[in-house]
Number of protein chains: 2
Amino acid sequence: MERHVGPVSPLATERTAVRPLGLDRVRITGGFWGRWQERNRAVTIPHALGWLERDGSVDNLRRLTTADRTAAHRGFWFSDSDVYKMLEGIAWDLGRAPSPELSAAVEALVGVVARAQEADGYVNSYVQAGHDGRWEHLAISHELYCIGHLIQAGVAHKRGTGRDEVLAVARRAADCVVRDFGNDRRKDTDGHPEVEMALVELHRETGERAYLELARQLVDVRGRGVLEPAGHFDATYFQDATPVREETTVVGHAVRALYLLCGVVDVYLETGEQALLDSALRQWRSLTATKTYLSGAVGSRFDGEAFGEPFEMPQDLVYGETCATIAAIMLSWRLLLATGERRFADAIERALFNLFAASTSVARDAFFYSNPAQRRVARPAAPTDGTPPRAEAPGTRPHWFRCACCPPNIIRTVASLGGYVATRNDDGIQIHQYLPSTVDYGQTRLVVGTRYPLDGRVTVTVDATPSASWTLALRIPGWCRGATATVNSEPVEVAGDYLALRRDWRAGDVVVLDLPMPLRLTVSHPAVDAVRDAVAIERGPIVYCLESVDQPAGIDLNRVELVAGEPLVEEFREDLVGEPAVVAIAPGVLRDDSAWAEIGWATLDEHPRPSGTPVRLTAIPYHLWANRGPSVMRTFVPIWRGSGPSNL
Amino acid sequence: MERHVGPVSPLATERTAVRPLGLDRVRITGGFWGRWQERNRAVTIPHALGWLERDGSVDNLRRLTTADRTAAHRGFWFSDSDVYKMLEGIAWDLGRAPSPELSAAVEALVGVVARAQEADGYVNSYVQAGHDGRWEHLAISHELYCIGHLIQAGVAHKRGTGRDEVLAVARRAADCVVRDFGNDRRKDTDGHPEVEMALVELHRETGERAYLELARQLVDVRGRGVLEPAGHFDATYFQDATPVREETTVVGHAVRALYLLCGVVDVYLETGEQALLDSALRQWRSLTATKTYLSGAVGSRFDGEAFGEPFEMPQDLVYGETCATIAAIMLSWRLLLATGERRFADAIERALFNLFAASTSVARDAFFYSNPAQRRVARPAAPTDGTPPRAEAPGTRPHWFRCACCPPNIIRTVASLGGYVATRNDDGIQIHQYLPSTVDYGQTRLVVGTRYPLDGRVTVTVDATPSASWTLALRIPGWCRGATATVNSEPVEVAGDYLALRRDWRAGDVVVLDLPMPLRLTVSHPAVDAVRDAVAIERGPIVYCLESVDQPAGIDLNRVELVAGEPLVEEFREDLVGEPAVVAIAPGVLRDDSAWAEIGWATLDEHPRPSGTPVRLTAIPYHLWANRGPSVMRTFVPIWRGSGPSNL
């Protein structure tokens, strides 16, 4: 097997339409994501390491080897997972580029974990401190979830650095799980899926089949009411109400549902059981067509951090957890590998450039846990040196959370982003995401130059190539109309989901792909009541929003409507909020709602449409919102249909 | 002071525009509410008494006098309040009509409470069982909340029966609170307001000024961060972020916010402090204009059972707790007494006939805790002999709840409903709510005959009258257009909010008021995104809904739109679901959403409005939904604007 530095390295080749190119092969060389990767290392990782010490997450493990062993556990009982996700994030970042400091940080952290680990491999700081019994409350204990993250860290560290320290600790923990759960020795599983995909990755890294078998077992036992309901957490919440092969849509806690499906696709990729892929595709389709926001947010509900019903998509009260969108990216990536279909790369792009990018401040040291699509009233800023009491997004991004799942998840995703850009198969190389980068595979070296998404020109220069014919495939995004391309300045026809250029490539060949990205107005599915008769502004992959700070004084964004027949105007801003951006100037109307001061409803035939005064609205990329203090914000804006009688 | 059998008996007369007529003076003689009062006694009260034994609420108190004293408390730590609300409900029902069985039930229950009560008057089964210290965790302990309900029970029993047993127990508890809190001996208060209005009522019943002073003190201390935040519960949740005199809108937990305002108005009514009334009026206006659903639901959010921001009114995920609407009725009633203004009676009517009526099954033995305005997917029926795990409404009404606040609240409201119907002042008698009833005051006796709201004719017969001139005032509901009236068959002019008829009335005089109630289409405030470009059907005070069980086979209510230009047709059903009702037949369209099967959004100019096929939709009164098993339901329906290009 070829070494692959990145998440998801299928061993079996017959079920992958395309195979991943790792972040050692796809290097991000600049632009928005390149800057973020630099700040991820320079700012976010040290920031998070500091907080993991401060919030007790590291200390919970460290203390197990001291006289203070049974002191009260700090933070949530699954805080170990934050440490492991950090380890994974640093490991991928080391795979991207060496760093003595980060290597030392890994060494220190894994030392803490290794010392905390029991002789038989078990490790869980909450249980070991005596707050619970081993595997006694699997529905809520997150024991396998935490070990799953440890395994992912070990796999990432091995792939990223070739070193075994973390993997060895992870494998001892995995072996403990195999001994206790394998061969159906237990009939239950963890309330929070995660370990399934981790075990498959460990199987890939070690060749040990017991890990794959256990992953399949844990996928299989779920959905049969094996988990004990706990308070608000019922079988649906845990994905334990319906066996995964029979499930038709994503239900329950969003991160759990999507992590589970990642494991399901991973098991499929290694075993070929078609029913698993079918279920994942069915659920992905339902997710995408009925439960995904324009921003890529998934999981509508605060209550249970859960998916809602189809088309239940409130804009103001959407939960839209950052981790859920990351999980959706992880799932789409696996399905892209399985199928090679553009729709999965489109979904990754939408999620990355919008909700995922919005999750983090441009300074890269503050984060949203939940991500509203509309903010009616400016909320107080987050505490600058503390953690907010609840997951609901405050007026600005908090620096940390009591439940700190999202920041390390962001860190590992940014660090491994190169692993989500391009793939290969026997026919050639496929580029799915456009960002300044180099792609090296075998004798081939490609240089991708682009300002995307500031504009839609992508230049791919063949720096080196074998002397055989192969196909360069470039994704034509689903949002794009009228794409054109040239090879060495000669126009080529653009058709299909990918521009597939099969040639005897030569060094120095240049492909230019032009993806027109005029500002456009987007409507939602007609069953989405929350945004009926409203539009969002988009440009290329970017979803826009109106933020109060950009509007003329006195404009209440709760009363604006958009004049949809008139042109939108682009304005380039070199430095909007520390990042360059194209803003959209849109013709709007400020509605006069004064007739409604006393009452919330009226009889239709007594209700003239309110009058309004023209206003010039400024829309910015949604992912840049809330970088200038608390604000009012909306992505969808009602369509202005004039004042006067309700012309039925 | 005249004896008044009903909630809210202001001692001071100078701040009441109108004064209440008790349920001994206003007797409901039939119709929808009369039938409910009968079933309230015959079905709901025994049902609830059974459940309070079964769920441990009574036993928690009973056990305090046994060897089992410190056994684990069953249910929530504030379960005493359910017992007290039951006592209050039975007390009002005894005021309505004697019953040896119910008197015996009161005697038994109050005996349990009296035996549980400490020598110094303190009573709280959770604290007394040793699970917490007295007044130690007031932010969450509900100790004053529970005692408040005990006081209300004592006052109701005294007013309803003239007896002192319950009042004596309540007063001992109140005296204990006065000793520990009065004269600013403590600077904090209960996290859940309730005791404020109870103390004012106790002051009214006893003349003891210390209770009123303490009520004012507890109103005053709040809003200054005196309560310790606990988990999700922050100062806003508790109404502890802003002093009540400075607050501009209702915030936080809906029931708490409205119970607090009831206390605020009660304190105003006795002390005359204008700033208190001003705050209550300001908050009521914000509540009504920006945070009340068409059904009378208030409190949008599951998270914190809380008010949302203005116009944050999801239809599917609305919390809409039954207790919150009851609290809104209690507040509106107090403001009606203070001002005599129609808007408060209108609000009571809307709440009563819609959300409140919907809270209970027509069999009157099952209840909704939260009340959706839309149900996208039929949910499983509630357990028939158990309590559902969460407050979210299942497919049918559960018979009981672990947090059983709503059923006894419904019981006490139905039992005391006669107390919310009519008022008097020096000028005469005002009738605010129309239902078959008799009104007796002094030498006056009125007989109100009506099928309202099945039709809009109200006949008031003067059965007896003093030989002086006085004014009969009849509310002209805010929804009504073209009301007409006659006195002894002679037309009289109808103008203003109340038809005010000043005459030398004679026995045998007959007033006939005709309130036309054609089916009408109602739109919401333009800032309510959740129902933009949609209409609800209303008729008189009744809000309608579409329920799947009434539609032709194969009609998915998530895809129907309403053709607003065409006539709606009434059909009378003698027995719709055990109650007579006027149903509405509406012209609709079943939208063809098949073009959207794969994706949730589209570019506006590529997005033709979907085509549709005509359908005949049947709408029923919202309050009768979910009486025929799990269903899909919606109150607002999109307006059909034709297929084809999005005609901007």
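Restricting the stretch A:594-648 to residues that are over 27 Å from the mean Cα position of the chain (by Cα), among the aliphatic types (A, V, I, L, M) and open to solvent by 20 Å² or more (accessible area, probe 1.4 Å), the residue that is farthest from B:Glu566 (Cα to Cα) is A:Val615. In the stretch B:14-27, the residue that is surrounded by the fewest Cβ atoms within 10 Å (Cβ to Cβ) out of those that are more than 18 Å from B:Thr161 (Cα to Cα) and among the aliphatic types (A, V, I, L, M) is B:Ala17.
Across the stretch A:478-516, which residue is most open to solvent (accessible area, probe 1.4 Å) among those that are part of a loop (DSSP other than H, G, I, E, B) and acidic (Asp, Glu)? Among those that are part of a loop (DSSP other than H, G, I, E, B) and acidic (Asp, Glu), it is A:Glu493.
Residue check: A:Ala530 meets all listed conditions (1) modelled with pLDDT under 95; (2) assigned to a loop (DSSP other than H, G, I, E, B); (3) surrounded by 17 or more Cβ atoms within 10 Å (Cβ to Cβ) but one, namely (2). Does the stretch B:120-133 include one or more residues that are open to solvent by 20 Å² or more (accessible area, probe 1.4 Å), acidic (Asp, Glu) and without any contact (Cβ under 8 Å) to a residue 24 or more places away in the chain? No, the stretch B:120-133 contains no residue that is open to solvent by 20 Å² or more (accessible area, probe 1.4 Å), acidic (Asp, Glu) and without any contact (Cβ under 8 Å) to a residue 24 or more places away in the chain.
Do we have A:Thr413 as hydroxyl-bearing (Ser, Thr, Tyr), surrounded by fewer than 22 Cβ atoms within 10 Å (Cβ to Cβ) and either touching a Leu at 6+ places or on another chain (Cβ under 6 Å) or more than 13 Å from chain B (Cβ to nearest Cβ) (or both) here? For A:Thr413, the condition - hydroxyl-bearing (Ser, Thr, Tyr), surrounded by fewer than 22 Cβ atoms within 10 Å (Cβ to Cβ) and either touching a Leu at 6+ places or on another chain (Cβ under 6 Å) or more than 13 Å from chain B (Cβ to nearest Cβ) (or both) - is not met.
Quick one: would you say A:Arg256 is away from chain B (no Cβ under 14 Å) and open to solvent by 50 Å² or more (accessible area, probe 1.4 Å)? Answer is no for this residue. Can you confirm whether the stretch A:515-523 contains a residue that is at pLDDT 95 or above and more than 14 Å from chain B (Cβ to nearest Cβ)? Yes, because at least one residue in the stretch A:515-523 is at pLDDT 95 or above and more than 14 Å from chain B (Cβ to nearest Cβ). Scanning the stretch B:387-428 for residues that are among the β-branched types (Val, Ile, Thr) and either within 19 Å of B:Gly56 (Cβ to Cβ) or assigned to a helix (DSSP H, G or I) (or both) yields B:Thr387, B:Ile410, B:Ile411, B:Thr413, B:Val414.
Yes/no matrix, rows are residues, columns are (1) touching a Phe, Trp or Tyr at 6+ places or on another chain (Cβ under 7 Å); (2) within 14 Å of chain A (Cβ to nearest Cβ):
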site: B:Met330; (1), (2): no, no
site: B:Trp333; (1), (2): yes, no
site: B:Leu337; (1), (2): no, no
site: B:Glu341; (1), (2): no, yes
site: B:Ile348; (1), (2): yes, no
site: B:Ala351; (1), (2): no, yes
site: B:Ala357; (1), (2): no, no
site: B:Val362; (1), (2): no, no
site: B:Phe367; (1), (2): no, no
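Within the stretch B:549-560, residues that are over 21 Å from B:Ala534 (Cα atoms) and among the aliphatic types (A, V, I, L, M) sit with their Cβ atoms under 8 Å from residues that are part of a loop (DSSP other than H, G, I, E, B) and at pLDDT 95 or above, at 6+ positions apart or across chains, in these pairs: B:Val549/B:Arg628; B:Val549/B:Gly629; B:Val549/B:Ser631.
Taking first residues from the stretch A:134-147 that are acidic (Asp, Glu) and partners that are open to solvent by 10 Å² or more (accessible area, probe 1.4 Å) and in a loop (DSSP other than H, G, I, E, B), the Cβ contacts under 8 Å between residues at least 6 apart in sequence or on separate chains come to A:Glu143/A:Arg134; A:Glu143/A:Trp135. Taken over the stretch B:561-573, the residue count meeting the criterion of being in contact (Cβ under 8 Å) with a residue 12 or more places away in the chain and facing another protein chain (nearest Cβ under 9 Å) is 3.
Tell me, which residue of the stretch A:579-593 that is away from every other protein chain (no Cβ under 14 Å) and not in a strand (DSSP E or B) is most open to solvent (accessible area, probe 1.4 Å)? Ranking the candidates gives A:Pro580 first.
Screening B:Gly320 on (1) open to solvent by 10 Å² or more (accessible area, probe 1.4 Å); (2) free of Cβ contacts under 8 Å to residues at least 60 places away in the same chain shows it passes everything except condition (1). Restricted to the stretch A:207-216, and to residues there that are in contact (Cβ under 8 Å) with a residue 24 or more places away in the chain and touching a helix residue (DSSP H, G or I) at 6+ places or on another chain (Cβ under 7 Å), the residue that is farthest from A:Val267 (Cα to Cα) is A:Ala210. Here is a check on your reading of the model: is A:Thr461 within 14 Å of chain B (Cβ to nearest Cβ), open to solvent by less than 50 Å² (accessible area, probe 1.4 Å) and either in a strand (DSSP E or B) or modelled with pLDDT of 95 or more (or both)? Here the answer is no, as A:Thr461 does not meet what is asked. Note on the stretch A:220-242: residues that are away from chain B (no Cβ under 11 Å) and either charged (D, E, K, R) or crowded, with 16+ Cβ neighbours inside 10 Å (or both) amount to 12.
Entry remark, the stretch A:375-386: residues being within 10 Å of another protein chain (Cβ to nearest Cβ) and either under 17 Å from A:Ser57 (Cβ atoms) or open to solvent by less than 10 Å² (accessible area, probe 1.4 Å) (or both) number 1 in total.
Return yes or no: is B:Leu576 buried (at least 17 other Cβ atoms within 10 Å of the Cβ) and either within 14 Å of chain A (Cβ to nearest Cβ) or small (Gly, Ala, Ser) (or both)? Criteria not met by B:Leu576.
Of B:Ala48, B:Ala12, B:Ala91, all but one fail to be among the small types (Gly, Ala, Ser) and either more than 21 Å from the chain's Cα centre (by Cα) or under 29 Å from B:Asp426 (Cα atoms) (or both); the exception is B:Ala12.
Hey, any hits in the stretch A:31-43 for a residue that's aliphatic (A, V, I, L, M), surrounded by 24 or more Cβ atoms within 10 Å (Cβ to Cβ) and modelled with pLDDT of 95 or more? The answer is no, given that none of the residues of the stretch A:31-43 is aliphatic (A, V, I, L, M), surrounded by 24 or more Cβ atoms within 10 Å (Cβ to Cβ) and modelled with pLDDT of 95 or more.
Of the residues making up the stretch A:301-312, those that are more than 8 Å from every other protein chain (Cβ to nearest Cβ) and either among the charged types (D, E, K, R) or not in a helix (DSSP H, G or I) (or both) are A:Glu305, A:Ala306, A:Phe307. What do you reckon, is A:His73 within 18 Å of A:Cys403 (Cβ to Cβ), open to solvent by 10 Å² or more (accessible area, probe 1.4 Å) and touching a residue at least 24 places away in the same chain (Cβ under 8 Å)? Taking the combined requirement at face value, the residue satisfies it. Looking across the stretch A:268-300 at every residue that is in a loop (DSSP other than H, G, I, E, B) and in contact with a Gly (Cβ under 9 Å, 6 or more places away or on another chain), the one that is farthest from the other protein chains (Cβ to nearest Cβ) is identified as A:Gly299.
The values are calculated or read from the model by the stated rules, or taken from the named source; none is laboratory data. Because the structure is predicted, anything quoted here is derived from the model rather than measured. Note: ideal-geometry Cβ built from the backbone for every residue, glycine included; neighbour counts use all protein chains shown. Surface areas here come from the heavy atoms of the whole protein model, side chains and all, with no ligands, DNA or RNA. Shrake-Rupley method; radii C 1.70, N 1.55, O 1.52, S 1.80 Å.
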